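**Student:** Input: one structure, supplied below.
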Amino acid sequence: MDDTETNGRIEETVRRILQESDMDEITESKIRKQASNQLGLDLSQPHFKAFVKQVVEAFLQEKQQEEEEEQQQQEGSSKDKEYDDGGDLIICKLSEKRRVTIQDFRGKTLVSIREFYKKDGKELPTSKGISLTEEQWSAFKKNMPAIEKAIKKMESRSI
């Protein structure tokens, strides 16, 4: 049996085990042992171990992506999209005067966190706030765990 065929059988078996498993209970080691027994192969060898890990990670990423898409569909269907007086999509209201919006500015998508004021019955943005490009937003989002950790650390000092 060649490597491609072996890898195909391993991937199929590992994915089937993952589909049937309780994700809170299963470990990569248990999956590897179960697949080894089912296939009659020693999957504890380094190259097999790395391949099984790769299959598990790909499976988990797919599941997470499916869950996020499902959540977005539920959110989208449960409420109509709300736009501000400037035509920007309101993602959320942080307070009565502050909100997060998505806007198109000169062909670029921006995430804006901004204060608004009322004038002539319309809510208009002030200069108080920040607009982030997609790249800046991605960098911010990627660093959110570090930001949350720093906040908790500072809060624990003030107690």
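The values are calculated or read from the model by the stated rules, or taken from the named source; none is laboratory data. In this text, all values refer to a predicted model and were calculated from it rather than measured experimentally. Note: ideal-geometry Cβ built from the backbone for every residue, glycine included; neighbour counts use all protein chains shown. Just so you know, the surface numbers come from the protein's heavy atoms only, side chains and all, with ligands and any DNA or RNA stripped out. Shrake-Rupley method; radii C 1.70, N 1.55, O 1.52, S 1.80 Å.
**Student:** Please report the accessible area of residue 24 (heavy atoms, 1.4 Å probe, ligands and nucleic acids excluded) in Å², nearest 10.
**Tutor:** Number for this one is 140 Å².
**Student:** Right, next: With axes computed from alpha carbons, what is the tilt in degrees of helix 28-39 against the longest principal axis of the chain, rounded to the nearest 10 within 0 to 90?
**Tutor:** Roughly 40 degrees, rounded to the nearest 10.
**Student:** Could you tell me the accessible area of residue 127 in Å² (1.4 Å probe, neighbours in place), rounded to the nearest ten?
**Tutor:** 110
**Student:** Find the centroid of the Cα atoms in the range 127-159 and in the range 1-58, then give the distance between the two in whole Å.
**Tutor:** 38
**Student:** Another question about this same structure. Go ahead and run the numbers for FRET between residue 152 and residue 113, Cβ-Cβ distance against an R0 of 22 Å, rounding to 0.05.
**Tutor:** On the way: r = 21 Å, r/R0 = 0.98.
So the FRET efficiency works out to roughly 0.55.
**Student:** Related question: Modelled label-to-label distance, residue 141 and residue 42, 7 Å Cα→beta-carbon offset: nm?
**Tutor:** According to this spin-label approximation, the distance is 4.5 nm.
**Student:** When the helix-only estimate is applied to the chain (DSSP H runs of n ≥ 4, each -39,500 (n - 2.57), divided by the residue count), what is the mean residue ellipticity at 222 nm, nearest 500 deg cm²/dmol? Write out the running numbers ahead of the final one.
**Tutor:** Working: 5 runs with 86 residues, N = 159.
Value at 222 nm, helices only, nearest 500: -18000 deg cm²/dmol.
**Student:** Taking H as built 1.01 Å from N, whose amide H comes closer than 5 Å to the amide H of residue 123, not counting residues under 5 places away?
**Tutor:** Correct list: 85.
**Student:** Please work out the average accessible area per residue across the chain, using the 1.4 Å probe convention, and give it in Å². Numbers along the way, then the final one.
**Tutor:** On the way: 12420 Å² over 159 residues.
Spelled out: the 1.4 Å probe surface of the chain, per residue, equals 78 Å².
**Student:** Sticking with this one: Can you tell me the 0 to 90 degree angle between the C-alpha axis of helix 46-78 and the longest principal axis of the chain, rounded to 10?
**Tutor:** The answer is roughly 40 degrees.
**Student:** Tell me, what is the percent relative contact order of the chain, built from C-alpha pairs under 8 Å that lie six or more residues apart?
**Tutor:** On the way: 140 pairs, mean separation 17.2, N = 159.
Relative contact order of the chain: 11 percent.
**Student:** Sticking with this one: Give me the net charge for the shell around residue 129: Cβ to Cβ below 10 angstrom, other residues only, Lys and Arg +1, Asp and Glu -1.
**Tutor:** Values: positive: 98, 99, 114, 128; negative: 115.
Summing Lys/Arg as +1 and Asp/Glu as -1 gives +3.
**Student:** Find out how many positive minus negative residues lie around residue 96, taking Lys and Arg as positive, Asp and Glu as negative, among other residues whose Cβ is under 12 Å from that of residue 96. Provide the component values of the computation, followed by the final result.
**Tutor:** Details: positive: 93, 97, 98, 99, 118; negative: 115, 123.
Value of the local net charge: +3.
**Student:** Another one. May I ask you to give the percent of accessible area on the chain that is carbon plus sulfur, with a probe radius of 1.4 Å?
**Tutor:** Working: 5960 of 12420 Å².
Answer for the chain is 48 percent, counting heavy atoms of protein chains only.
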